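Notes follow the structure.
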């Protein structure tokens, strides 16, 4: 538990209405989107500005209290899981868009600003903020920065780091520093480059300068039905090999289609592998490329091809895709969401292997993935009520991550390592690689108080524990979709 | 030679020769040059240098060795033997290349499958991948494709203590662990020696055309430039060139041949009364040409996109007033290269003026090429970041004995 003196100092930092210490209220903060890990924090503080964050972190530094910063808590790898008895810094009150500079194409926001609000703010001028995690209607920019969030459209537009020009950061010592600049190539090390995606382990971002992008002239979305996800996967490779860079290339397999249909009625064709291709850009280019994409789909045996004819139709196509995770509840009592990456060309091979591994243990795996960049989201379906099945499912999801690494890929494309995949990071990187990362960690946070015991493997643990999926309260309430 | 211990030059040479082979180690100027064959040799060389506190400067072709503060190394670590494109899984549109490979050699190999690393650095025929990465160089294509931080997906680097560390991977989307490759990029060899780089690739721009508008000064070009960048057109590159009484705006568009006329019409629409003429690819050599005249000071100025035209005009006017020559090439992204000749006093006055002018908007001025007579009076970096202590701490953790390019980087890191 926190020493009373520290609690008094935290109260002085944020005022009585910014401090939560009551047991039942603390429970709201005991987990993020990875709901099977729950830890009760010692206190939650809700700062209103950077000075208050500085004051909070200084208290933590003085007393060597671990702190974890948190936005909307939609993360899927346990990145915002509190340290036991530590401090959670809830940044939801810091939700102002501070500056909009259309001519220079950037905005300056506080960390608690919701992702989609950035686009809403600049939409009238014809701009948008590109990274679009499917929790974008609730997740915050601060969380996106911590996780280097992606989304369906990062194939063309890049990740959060691509769009982060500068950061104001409270270091774990309590110092306030500016990293980067709204202009390119500020002299010195690329500290925004290393801070974005550091999962809250290097400090707390209190101000973020984001790049915004001009909305493309036209967007076209096609759906193509194939007999198998492998055939859809081959089509993806052929589209890329033809020199196209679609804004999104998504695949869903039969199970995922079934679940999404049940949940959203997106009118998807019933098939073994559904491919979604979205092209955007100048209208003349998009029309020509769409013709080429259609031809490639036909050459790969597409049984049915449909081009969304209206914005409403496109929105429905995407709604089905973005609801796919949550929709699993319709076809399975429990499921585990995974997030592996493989080289695109390994798709057919890896998909077959995943099915083989699943059959061998009599489980079903649904596949939803960002095929363009090889980012798989295997959903391992199981029933907790059947004795022993959860362990088998966990083991399978863990082995799928190893399969991704064995095929030259990664254990996470967008969900982060967090609490969930610490051991898997040790499978992907060697000890010298991890020690080198620790040098950065130690330079920023020598006392190891900023989101400690995350990301890096703990030698005392022998196995990873990817979580069985239980809905986040926000999701159950219908406020958020988990992607 | 900065050897703290009593090791002699001869002993040092003998040790390096035993690591890299006798034919790959020799005395060169004040240092010993050693050419490593692979990351393991680099590691052995660095371990040796580290335990004897000998300063090391990694180098490729040496095209940018003069950038930053001067270093007097005991060992010049040559990476040119490590010059192969190790992997090019073209269907995955990624590649792995050794640091000593020249940019052009890499691109030639990649072009066999119609692909490229979408970056146009200086002197591609000589500049090596490692040098381009260490200095974070970029050209006009940055507008469309981003800089090295957006194109590098993984890296192998050797630390001062000989640790061989990998970061990132070979897939484009990957958030596992810290992105050390972003930290290494642009670190001027002060944190480690990059031995191998993984890039994401793009299709070669097969059909591209360049148009140019000219004016005596940048003022009339400011509005169309702004309109172009605010439009839904997607040019690959846009640059402003300015010199005495002469100014040009170049626009490069890559597109399907069938669509090119539509783009041309859209472009003419944006430029209205200002004449646009098709020009040759040679226009894109302009940045490199700024370095050609010997004895000129060359600056890298970073400013906000809207400041490109006004600052260019101010520089033109300043040159006319001070009776010196200024040539500049500015990318639409706000990265400007400025070449000037003149006295030390005038150069310092200009740099100080520019730094003050740009401070409010976060801009910066780095002196890249400094003629010898100006060297003593000029601080090249002008870094006043409050993150400098943090940068120093990172350096201390990575290279506690300060053997890697000591003093070369910002704040004498």
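The values are calculated or read from the model by the stated rules, or taken from the named source; none is laboratory data. Keep in mind that this is a model prediction, so the values were computed, not measured. Please note: Cβ atoms are built from the backbone with ideal geometry, for glycine as well, and neighbour counts cover all protein chains shown.
Go over the candidates A:230, A:220, A:234 one by one and state the one that is away from chain B (no Cβ under 13 Å), out of contact with any strand residue (DSSP E or B) (no Cβ under 6 Å at 6 or more places or on another chain) and more than 29 Å from residue B:381 (Cα to Cα). So that I can check it myself, show each step before the final result.
Details: A:220 fails: out of contact with any strand residue (DSSP E or B) (no Cβ under 6 Å at 6 or more places or on another chain); A:234 fails: away from chain B (no Cβ under 13 Å).
Just a single option satisfies the conditions, and that option is A:230.
Tally the residues that are in contact with a helix residue (DSSP H, G or I) (Cβ under 7 Å, 6 or more places away or on another chain) and buried (at least 19 other Cβ atoms within 10 Å of the Cβ), restricting the search to region A:335-356.
Filtering region A:335-356 for residues in contact with a helix residue (DSSP H, G or I) (Cβ under 7 Å, 6 or more places away or on another chain) gives A:335-338, A:340-345, A:347-348, A:350-354.
Subset that is buried (at least 19 other Cβ atoms within 10 Å of the Cβ): A:335-338, A:340-345, A:347, A:350-351, A:354.
Residues in region A:335-356 being in contact with a helix residue (DSSP H, G or I) (Cβ under 7 Å, 6 or more places away or on another chain) and buried (at least 19 other Cβ atoms within 10 Å of the Cβ): 14 in total.
Just to be sure, is residue A:392 touching a strand residue (DSSP E or B) at 6+ places or on another chain (Cβ under 8 Å), surrounded by fewer than 19 Cβ atoms within 10 Å (Cβ to Cβ), modelled with pLDDT of 95 or more and more than 8 Å from every other protein chain (Cβ to nearest Cβ)? Talk me through it step by step, then tell me what you get.
Details: touching a strand residue (DSSP E or B) at 6+ places or on another chain (Cβ under 8 Å): yes; surrounded by fewer than 19 Cβ atoms within 10 Å (Cβ to Cβ): yes; modelled with pLDDT of 95 or more: yes; more than 8 Å from every other protein chain (Cβ to nearest Cβ): yes.
Judged against the criteria, residue A:392 is a match.
Going through B:49, B:31 one at a time, which residue ends up being buried (at least 24 other Cβ atoms within 10 Å of the Cβ) and in contact (Cβ under 8 Å) with a residue 24 or more places away in the chain? Don't jump to the end; show me each part of the working.
On the way: B:31 fails: buried (at least 24 other Cβ atoms within 10 Å of the Cβ).
Of the residues listed, the single one that is buried (at least 24 other Cβ atoms within 10 Å of the Cβ) and in contact (Cβ under 8 Å) with a residue 24 or more places away in the chain is B:49.
Can you find a residue in region A:450-461 that is over 17 Å from residue A:201 (Cβ atoms), surrounded by fewer than 19 Cβ atoms within 10 Å (Cβ to Cβ) and in contact (Cβ under 8 Å) with a residue 24 or more places away in the chain? Even if it seems obvious, please write down each step before you answer.
Initially, region A:450-461 is screened for residues over 17 Å from residue A:201 (Cβ atoms), giving A:459-461.
Among the residues that remain, those that are also surrounded by fewer than 19 Cβ atoms within 10 Å (Cβ to Cβ) are: A:459-461.
If we keep only those that are in contact (Cβ under 8 Å) with a residue 24 or more places away in the chain as well, we get A:461.
There is at least one residue in region A:450-461 that is over 17 Å from residue A:201 (Cβ atoms), surrounded by fewer than 19 Cβ atoms within 10 Å (Cβ to Cβ) and in contact (Cβ under 8 Å) with a residue 24 or more places away in the chain.
Take the residues in region B:387-413 that are touching a strand residue (DSSP E or B) at 6+ places or on another chain (Cβ under 6 Å) and under 30 Å from residue B:340 (Cβ atoms), then tell me which one is surrounded by the fewest Cβ atoms within 10 Å (Cβ to Cβ).
Taking the candidates together, the pick is B:387.
Which is part of a strand (DSSP E or B) and either within 12 Å of chain A (Cβ to nearest Cβ) or surrounded by fewer than 18 Cβ atoms within 10 Å (Cβ to Cβ) (or both), of B:367, B:320? Before you say what the answer is, go through the steps one by one.
Details: B:320 fails: part of a strand (DSSP E or B).
Residue meeting the stated conditions: B:367.
Go through region A:282-296 and give me each residue that's crowded, with 19+ Cβ neighbours inside 10 Å and either more than 21 Å from residue A:370 (Cα to Cα) or touching a helix residue (DSSP H, G or I) at 6+ places or on another chain (Cβ under 8 Å) (or both).
Within region A:282-296, A:282, A:284, A:285, A:293, A:296 meet the criteria.
For the condition more than 30 Å from residue A:43 (Cα to Cα), within 14 Å of chain B (Cβ to nearest Cβ) and either out of contact with any helix residue (DSSP H, G or I) (no Cβ under 7 Å at 6 or more places or on another chain) or surrounded by fewer than 24 Cβ atoms within 10 Å (Cβ to Cβ) (or both), what is the one hit in A:146, A:103?
On the way: A:146 fails: more than 30 Å from residue A:43 (Cα to Cα).
Answer to the selection: A:103.
Checking the condition more than 10 Å from chain B (Cβ to nearest Cβ), surrounded by fewer than 24 Cβ atoms within 10 Å (Cβ to Cβ) and either out of contact with any strand residue (DSSP E or B) (no Cβ under 9 Å at 6 or more places or on another chain) or free of Cβ contacts under 8 Å to residues at least 60 places away in the same chain (or both), which residue from A:158, A:174 passes? Working first, answer last.
Details: A:158 fails: more than 10 Å from chain B (Cβ to nearest Cβ).
Only one candidate passes the filter, namely A:174.
Among the residues of region B:145-153, are any closer than 15 Å to residue B:64 by Cα and within 17 Å of the chain's Cα centre (by Cα)?
no
Can residue B:26 be described as within 14 Å of another protein chain (Cβ to nearest Cβ), surrounded by fewer than 16 Cβ atoms within 10 Å (Cβ to Cβ) and more than 26 Å from the chain's Cα centre (by Cα)?
Numbers: within 14 Å of another protein chain (Cβ to nearest Cβ): no; surrounded by fewer than 16 Cβ atoms within 10 Å (Cβ to Cβ): yes; more than 26 Å from the chain's Cα centre (by Cα): yes.
When the stated conditions are applied, residue B:26 does not pass them.
Just one of the numbered conditions (1) within 13 Å of chain A (Cβ to nearest Cβ); (2) within 30 Å of residue B:95 (Cβ to Cβ) is not true of residue B:283; which one?
For residue B:283, the failing item is (1).
From the list A:209, A:164, pick out the single residue that is more than 8 Å from every other protein chain (Cβ to nearest Cβ) and in contact with a helix residue (DSSP H, G or I) (Cβ under 6 Å, 6 or more places away or on another chain).
Working: A:209 fails: in contact with a helix residue (DSSP H, G or I) (Cβ under 6 Å, 6 or more places away or on another chain).
Going through A:209, A:164 in turn, the sole match is A:164.
I need the full set of residues from region B:381-403 which are closer than 15 Å to residue A:189 by Cα and either touching a residue at least 40 places away in the same chain (Cβ under 8 Å) or away from chain A (no Cβ under 12 Å) (or both), in order please.
Just the residues of region B:381-403 that are closer than 15 Å to residue A:189 by Cα, to begin with: B:381-399.
Hits for region B:381-403 are B:381, B:394, B:395, B:398, B:399.
Limited to region A:423-445, what total is found for residues that are assigned to a helix (DSSP H, G or I) and under 24 Å from the mean Cα position of the chain (by Cα)? Break it down stepwise before answering.
Step one: list which residues in region A:423-445 are assigned to a helix (DSSP H, G or I), which gives A:423-428, A:431-444.
Restricting the remaining residues to those that are under 24 Å from the mean Cα position of the chain (by Cα) gives A:423-428, A:433-434, A:437-438, A:440-441, A:444.
Final tally of qualifying residues: 13.
Would it be correct to say that residue A:316 is in contact (Cβ under 8 Å) with a residue 24 or more places away in the chain and either under 19 Å from residue A:225 (Cβ atoms) or in contact with a helix residue (DSSP H, G or I) (Cβ under 7 Å, 6 or more places away or on another chain) (or both)? Break it down into steps so the answer makes sense when it comes.
On the way: in contact (Cβ under 8 Å) with a residue 24 or more places away in the chain: yes; either under 19 Å from residue A:225 (Cβ atoms) or in contact with a helix residue (DSSP H, G or I) (Cβ under 7 Å, 6 or more places away or on another chain) (or both): yes.
For residue A:316, the condition - in contact (Cβ under 8 Å) with a residue 24 or more places away in the chain and either under 19 Å from residue A:225 (Cβ atoms) or in contact with a helix residue (DSSP H, G or I) (Cβ under 7 Å, 6 or more places away or on another chain) (or both) - is met.
What strands (runs of 3 or more DSSP E) completely inside region B:171-281 contain at least 3 residues that are under 26 Å from the mean Cα position of the chain (by Cα) and either free of Cβ contacts under 8 Å to residues at least 60 places away in the same chain or buried (at least 24 other Cβ atoms within 10 Å of the Cβ) (or both)?
On the way: elements: B:193-200, B:208-215, B:237-243, B:246-254, B:277-279.
Qualifying strands (runs of 3 or more DSSP E): B:193-200, B:237-243, B:246-254.
Do you know which residues across region B:145-170 are under 16 Å from residue B:93 (Cβ atoms) and either more than 7 Å from chain A (Cβ to nearest Cβ) or part of a strand (DSSP E or B) (or both)? Break it down into steps so the answer makes sense when it comes.
Residues of region B:145-170 that are under 16 Å from residue B:93 (Cβ atoms), as a first pass: B:145-146, B:150-154, B:168-170.
Passing the criteria: B:145, B:151, B:152, B:153, B:154, B:168.
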